[in-house]
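Reviewing the structure listed below.
The values are calculated or read from the model by the stated rules, or taken from the named source; none is laboratory data. Source: prediction; values computed, not measured. Positions of Cβ are generated from backbone atoms using ideal geometry, with glycine treated the same way; all protein chains shown enter the neighbour counts.
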Amino acid sequence: MAGGKGTRMRSALPKVLHPIWGRPLLGWVLAAVREAGADRIVVVVPPTEADAVAAVVGDAAIVVQPDQLGTGDAVRCAVPALEGFAGDVLIVSGDTPLLTAELLNDLLAAHVESGAAGTAATFRVAEPGGYGRVLRSDAGIRIVEAKDATAAELEVTEANAGLYVFDADALRLTLAGLTNDNAQGEYYLPDVVPAIAAAGLAVRAAEVTDASLLLGVNTRVELAEAAELLRTRIVEQHLLAGAGIVDPATTYIDATVTLAPDCVVHPFTILRGTTSLAAGAEAGPHSVLTDAVLDSGAQAGPFAHLRAGTHLHADARVGAFAETKNTTLGARSKIPHLSYVGDATVGEDSNIGAGNITANYDGTNKHQTTIGDRVRTGSDTVFVAPVELGDDAVTGAGSIITDDVPAGALGIARARQVIKEHYAKRKRDA
């Protein structure tokens, strides 16, 4: 269910599309559901968000809920998309990014083991108020929304997690009879529970011991809380898989990043998108890598910025205050410091001097710079692309290279130095 209005986010962006470590909030939920083995996925959205959400849900079906009339109405809108399905229906909220496949599979196993027609996940709360309460009896369970609960009912510590499994036929049977006779004037999904019981079928509760996995995001404060929990989870997974992360507390890694065992990530480093570090590669400290690939022994940092399309081959290095974009750096080649190299191919064993710039954009189009093997470029060289330097070429410091430099040649493009003898005295005496 991704049909909530999300007004408390104070944002023009739909709540379920707010990003967390390389995925939209909803993407984390879908990843858990897919990993749990769902056969068919249906996402319920409001009409104003249908196109935006459809762009991120992959092969899941999109169902529009015309009016936001509550969770029961949202599920009722989804039922036609489940035509012909006769198994168990797992219902999750699209704003619960900490859900795991393990939790979902445990809930499904408890449902199957109990033989119930419906199972509601629950958790324990320390204080009254806030969440709907789960009231147990010999006949099963009853769920009461917080706004409709009595003071005595709010003292109950078992709360509704908003996570359910229902037999598909039992769900279809009871959804049609839902009413909106409540404080909110909405159709509540928990009202399916007593309806199933009235039909002579069992509904059970399955308690989740780690309540943090159920965290729902309704405000930016909760979004930040979820992001920190997920950041810790991502970092711990990489550590357990053998990646070397020097300071987990200051490392930020998207869920889509790949880290091989024995790579090293230094403090205050951000790894985004499809960035990949091979064994022996190092990133940071104080570096940002987006959609970059570092082969074995490659290094980026300190204070390096590798943008999309950067590929450092074995033992290549991008150093302090250097930026690359859409650039391939050959084995053992270096961009040590203070340079921008974009839309470029650099061969093997080449050294790009300090302050080098590839002037790759003419105001309309991007152009390529090609630098061969064993090239040495002087400090403050500017390459006005498209331009090519052959193997073993050299450029003089301060040159603006506008023409190709042949293999083995020296390219110099600067004004000659002029010495004015006694200039300071003449100016002082004037």
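Does at least one position in the stretch 369-378 carry a residue that is under 33 Å from the mean Cα position of the chain (by Cα), touching a residue at least 12 places away in the same chain (Cβ under 8 Å) and crowded, with 16+ Cβ neighbours inside 10 Å? Write out each step before concluding.
Narrowing the stretch 369-378 to residues under 33 Å from the mean Cα position of the chain (by Cα): 369.
Applying the additional criterion that residues be touching a residue at least 12 places away in the same chain (Cβ under 8 Å) yields 369.
Subset that is crowded, with 16+ Cβ neighbours inside 10 Å: 369.
Scanning the stretch 369-378, I find at least one residue that is under 33 Å from the mean Cα position of the chain (by Cα), touching a residue at least 12 places away in the same chain (Cβ under 8 Å) and crowded, with 16+ Cβ neighbours inside 10 Å, so the answer is yes.
Taking the stretch 399-411 on its own, how many of its residues are in a loop (DSSP other than H, G, I, E, B) and surrounded by 16 or more Cβ atoms within 10 Å (Cβ to Cβ)? Break it down stepwise before answering.
We begin by selecting, within the stretch 399-411, every residue in a loop (DSSP other than H, G, I, E, B); these are 399, 402-404, 406-409.
This time we only want the ones that are surrounded by 16 or more Cβ atoms within 10 Å (Cβ to Cβ), so: 399.
Summing the residues that are in a loop (DSSP other than H, G, I, E, B) and surrounded by 16 or more Cβ atoms within 10 Å (Cβ to Cβ) in the stretch 399-411 gives 1.
How about the stretch 131-142: which of its residues are modelled with pLDDT of 80 or more and closer than 17 Å to H111 by Cα?
Hits for the stretch 131-142 are V134, R136, I141, R142.
So, in the stretch 131-145, how many residues would count as being without any contact (Cβ under 8 Å) to a residue 60 or more places away in the chain, outside any loop (DSSP other than H, G, I, E, B) and not basic (K, R)? Break it down stepwise before answering.
To start, the set of residues in the stretch 131-145 that are without any contact (Cβ under 8 Å) to a residue 60 or more places away in the chain comprises 131-133, 135, 137-139, 142-145.
Then keep just the ones that are outside any loop (DSSP other than H, G, I, E, B); that gives 133, 135, 137, 142-144.
Among the residues that remain, those that are also not basic (K, R) are: 135, 137, 143-144.
Residues flagged as without any contact (Cβ under 8 Å) to a residue 60 or more places away in the chain, outside any loop (DSSP other than H, G, I, E, B) and not basic (K, R) within the stretch 131-145 amount to 4.
Here is a list: A31, A109, A74, A2. Which entry is over 16 Å from the mean Cα position of the chain (by Cα) and over 23 Å from E145 (Cβ atoms)? Write out each step before concluding.
On the way: A31 fails: over 16 Å from the mean Cα position of the chain (by Cα); A74 fails: over 23 Å from E145 (Cβ atoms); A2 fails: over 23 Å from E145 (Cβ atoms).
Just a single option satisfies the conditions, and that option is A109.
For R40, are the conditions met, namely being more than 29 Å from V144 (Cβ to Cβ), at pLDDT 90 or above and in contact with a Phe, Trp or Tyr (Cβ under 9 Å, 6 or more places away or on another chain)?
Values: more than 29 Å from V144 (Cβ to Cβ): yes; at pLDDT 90 or above: yes; in contact with a Phe, Trp or Tyr (Cβ under 9 Å, 6 or more places away or on another chain): yes.
So R40 passes the test.
Here are some residues: P80, P97. Which one is part of a loop (DSSP other than H, G, I, E, B), of a type outside the set (K, R) and either closer than 30 Å to E207 by Cα or modelled with pLDDT under 95 (or both)? Give the derivation first.
On the way: P80 fails: part of a loop (DSSP other than H, G, I, E, B).
None of the others qualify; the one that does is P97.
Scan the stretch 226-246 for residues that are touching a Cys at 6+ places or on another chain (Cβ under 8 Å) and either surrounded by fewer than 20 Cβ atoms within 10 Å (Cβ to Cβ) or within 21 Å of L215 (Cα to Cα) (or both) and report the count.
Matching residues across the stretch 226-246 total 1.
Being hydroxyl-bearing (S, T, Y) and out of contact with any Phe, Trp or Tyr (no Cβ under 7 Å at 6 or more places or on another chain), is that true of even one residue in the stretch 64-87? Break it down into steps so the answer makes sense when it comes.
We begin by selecting, within the stretch 64-87, every residue hydroxyl-bearing (S, T, Y); these are 71.
Filter again for out of contact with any Phe, Trp or Tyr (no Cβ under 7 Å at 6 or more places or on another chain), leaving none.
No; the residues of the stretch 64-87 include none that is hydroxyl-bearing (S, T, Y) and out of contact with any Phe, Trp or Tyr (no Cβ under 7 Å at 6 or more places or on another chain).
Restricting to the stretch 291-325, give me the number of residues that are more than 20 Å from L338 (Cβ to Cβ) and assigned to a strand (DSSP E or B).
Taking the stretch 291-325 as the starting set, the residues that turn out to be more than 20 Å from L338 (Cβ to Cβ) are 291, 293-297, 308-309, 311, 313-315.
If we keep only those that are assigned to a strand (DSSP E or B) as well, we get 293-294, 311.
So the answer is 3.
Looking only at the stretch 225-235, decide whether some residue is over 30 Å from S276 (Cβ atoms) and touching a residue at least 40 places away in the same chain (Cβ under 8 Å). Please lay out each step first, then the result.
At the first step, the residues of the stretch 225-235 found to be over 30 Å from S276 (Cβ atoms) are none.
Within the stretch 225-235, none of the residues are over 30 Å from S276 (Cβ atoms) and touching a residue at least 40 places away in the same chain (Cβ under 8 Å).
Which residues, taken from the stretch 157-181, are under 31 Å from the mean Cα position of the chain (by Cα) and in contact (Cβ under 8 Å) with a residue 40 or more places away in the chain? Outline the logic, then answer.
Of the residues in the stretch 157-181, the ones under 31 Å from the mean Cα position of the chain (by Cα) are 159-166.
Once the filter is applied, which keeps residues that are under 31 Å from the mean Cα position of the chain (by Cα) and in contact (Cβ under 8 Å) with a residue 40 or more places away in the chain, the stretch 157-181 yields N160, A161, G162, L163, Y164, V165, F166.
Regarding the stretch 21-35, can at least one residue be identified that is touching a strand residue (DSSP E or B) at 6+ places or on another chain (Cβ under 9 Å), under 30 Å from T258 (Cα atoms), of a type in the set (K, R) and surrounded by fewer than 17 Cβ atoms within 10 Å (Cβ to Cβ)?
Checked the stretch 21-35: no residue is touching a strand residue (DSSP E or B) at 6+ places or on another chain (Cβ under 9 Å), under 30 Å from T258 (Cα atoms), of a type in the set (K, R) and surrounded by fewer than 17 Cβ atoms within 10 Å (Cβ to Cβ).
Scan the stretch 119-130 and report the pairs whose first residue is modelled with pLDDT of 80 or more and whose second residue is basic (K, R) and not in a loop (DSSP other than H, G, I, E, B), with Cβ atoms within less than 6 Å and a gap of 6+ or a chain change.
T119/R204
For the stretch 182-197, enumerate the residues that are in a helix (DSSP H, G or I) and either without any contact (Cβ under 8 Å) to a residue 60 or more places away in the chain or over 11 Å from V144 (Cα atoms) (or both).
Within the stretch 182-197, the subset in a helix (DSSP H, G or I) is 189-197.
Listed by number, the residues that qualify are V192, P194, A195, I196, A197.
Is there a residue in the stretch 364-387 that is charged (D, E, K, R) and farther than 22 Å from L306 by Cα? Give the derivation first.
If we filter the stretch 364-387 for residues that are charged (D, E, K, R), which is where we start, we get 366, 373-374, 376, 380.
Next, only the ones that are farther than 22 Å from L306 by Cα stay: 374.
Yes.
Condition test on K334, is it closer than 21 Å to R272 by Cβ, buried (at least 19 other Cβ atoms within 10 Å of the Cβ) and among the basic types (K, R)?
On the way: closer than 21 Å to R272 by Cβ: no; buried (at least 19 other Cβ atoms within 10 Å of the Cβ): yes; among the basic types (K, R): yes.
Against the criterion (closer than 21 Å to R272 by Cβ, buried (at least 19 other Cβ atoms within 10 Å of the Cβ) and among the basic types (K, R)), K334 does not qualify.
For the subset of the stretch 247-273 comprising residues that are more than 22 Å from F321 (Cα to Cα) and hydroxyl-bearing (S, T, Y), which member is surrounded by the fewest Cβ atoms within 10 Å (Cβ to Cβ)? Quick ask: steps written out before the conclusion?
Let us first name the residues in the stretch 247-273 that are more than 22 Å from F321 (Cα to Cα), namely 248-249, 254-262.
Next, from what is left, pick out any that are hydroxyl-bearing (S, T, Y): 256, 258.
Numbers: T256: 16, T258: 14.
Applying the filter and picking the extreme gives T258.
Here is a list: H367, H422. Which entry is over 17 Å from A300 (Cα atoms), outside the structural domain of E282 (by TED's automatic domain parsing) and not basic (K, R)?
Details: H367 fails: outside the structural domain of E282 (by TED's automatic domain parsing).
Exactly one residue qualifies, and that residue is H422.
Scan the stretch 334-345 and tell me whether some residue there is part of a loop (DSSP other than H, G, I, E, B), in contact (Cβ under 8 Å) with a residue 24 or more places away in the chain and of a type outside the set (S, T, Y). Give the derivation first.
We begin by selecting, within the stretch 334-345, every residue part of a loop (DSSP other than H, G, I, E, B); these are 338-339.
In the following step, the residues that additionally are in contact (Cβ under 8 Å) with a residue 24 or more places away in the chain were identified as none.
No, because not a single residue in the stretch 334-345 is part of a loop (DSSP other than H, G, I, E, B), in contact (Cβ under 8 Å) with a residue 24 or more places away in the chain and of a type outside the set (S, T, Y).
Against the conditions (1) buried (at least 16 other Cβ atoms within 10 Å of the Cβ); (2) under 20 Å from M9 (Cα atoms); (3) within 25 Å of the chain's Cα centre (by Cα), where does V63 fall short? Just the number, please.
Only one criterion is unmet by V63, namely (2).
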